[in-house]
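Taking it in order: structure first as structure tokens, then the write-up.
The values are calculated or read from the model by the stated rules, or taken from the named source; none is laboratory data. Only a predicted model underlies this, so the values are computations on that prediction, with no experimental measurement involved. Note that we place each Cβ from the backbone using ideal geometry, even for glycine, and neighbour counts take in every protein chain shown.
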Amino acid sequence: MSTAPGPVPGPAPLPGPGAAPDAGPEAELREMRWWDLGPVLELEHALFPEDAWSPGMFWSELAHARGPRATRRYVVAESGGRIVGYAGLAAAGDLGDVQTIAVAREQWGTGLGSRLLSDLLRHATAFECDEVFLEVRVDNTRAQKLYERFGFAPVGFRRGYYQPGGVDALVMRLHLHGNTEGTL
Ligand SMILES: CC(C)(COP(=O)(O)OP(=O)(O)OC[C@H]1O[C@@H](n2cnc3c(N)ncnc32)[C@H](O)[C@@H]1OP(=O)(O)O)[C@@H](O)C(=O)NCCC(=O)NCCS
């Protein structure tokens with residue numbers, strides 16, 4: 001894997017004001033390490049109360065995130081010594097998959113979700129992915145809008161994907177080399 005990620009699709013320009021007033025200092029992004037898992041799991045349970053990942057799921061992802069054969073990128077956002085967001089990408093051949101992305105509620109709307117997604121897409125390029133896929137709950141319009149701004153387009157559904165609730169997932173795809181057209 002190359003360590004110098006090239007240009008990747010970015011979000012459409014934003015109208016509107018700056019960061020939310022109570023968001024605090026701008027968060028710094030860095031690689032997620034195992035010692036981050038305590039606060040990451042706390043956020044995970046707060047933001048995904050019905051289908052939170054287990055510690056084992058994070059551990060097994062991080063096991064593939066280092067070294068010359070790494071296939072994962074996991075990143076955290078830290079602000080004032082606190083983890084306020086995280087995201088992860090898995091690469092398999094020329095396909096990337098956004099595994100997770102989450103931002104602490106008080107930071108929503110500050111652009112942190114966009115920064116985390118940009119980080120994942122830069123690493124997808126470094127992993128030499130041609131396309132990046134993701135699943136998102138059909139009722140999660142906020143996240144869908146974020147992905148659309150980056151050029152992700154809907155390509156299908158996975159019925160009952162989110163358990164135990166049985167909520168459907170919308171599958172979205174981004175072509176990393178310019179063509180962002182999708183089919184439903
Ligand atoms: C989805 C999620 C990651 C988005 O994070 P976020 O930090 O709010 O994302 P951004 O701030 O980059 O963008 C979100 C909104 O803020 C707006 N925004 C971003 N930066 C802005 C800025 N500087 N000024 C004004 N508005 C801004 C964007 O326009 C966007 O609004 P829109 O959705 O109405 O277009 C976050 O809401 C979250 O963690 N949700 C719970 C977990 C989840 O659902 N994860 C996705 C699973 S598939």
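Side notes on the structure shown:
Condition check ((1) part of a helix (DSSP H, G or I); (2) within 8 Å of the ligand (Cβ to nearest atom)) across all residues:
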{"position": "96", "(1), (2)": "no, no"}
{"position": "100", "(1), (2)": "no, yes"}
{"position": "106", "(1), (2)": "yes, no"}
{"position": "118", "(1), (2)": "yes, no"}
{"position": "122", "(1), (2)": "yes, no"}
{"position": "133", "(1), (2)": "no, no"}
{"position": "136", "(1), (2)": "no, yes"}
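- Condition met for residue 77 (away from the ligand (no atom under 12 Å from the Cβ), of a type in the set (Gly, Ala, Ser) and modelled with pLDDT of 95 or more): no
- Just one of the numbered conditions (1) within 12 Å of the ligand (Cβ to nearest atom); (2) in contact (Cβ under 8 Å) with a residue 60 or more places away in the chain is not true of residue 164: (1).
- Criterion: among the aliphatic types (A, V, I, L, M) and at pLDDT below 95 - qualifying residue of 120, 134, 184: 184
- Filtered residue count, the stretch 138-156, keeping only those that are part of a strand (DSSP E or B) and within 14 Å of the ligand (Cβ to nearest atom): 1
- Residue within the stretch 17-35 that is at pLDDT 95 or above and part of a helix (DSSP H, G or I) present: yes
- Whichever residue in the stretch 58-68 is modelled with pLDDT of 95 or more and outside any helix (DSSP H, G or I) and, among such residues, is farthest from the ligand (Cβ to nearest atom): 66
- Test: residue in the stretch 142-153 that is surrounded by fewer than 22 Cβ atoms within 10 Å (Cβ to Cβ), of a type outside the set (A, V, I, L, M, F, W, C) and over 15 Å from the mean Cα position of the chain (by Cα): no
- Residue in the stretch 118-137 that is out of contact with any Gly (no Cβ under 9 Å at 6 or more places or on another chain) and under 15 Å from residue 28 (Cα atoms) present: yes
- Any hit, the stretch 50-57, residues being more than 21 Å from residue 12 (Cβ to Cβ) and part of a strand (DSSP E or B): no
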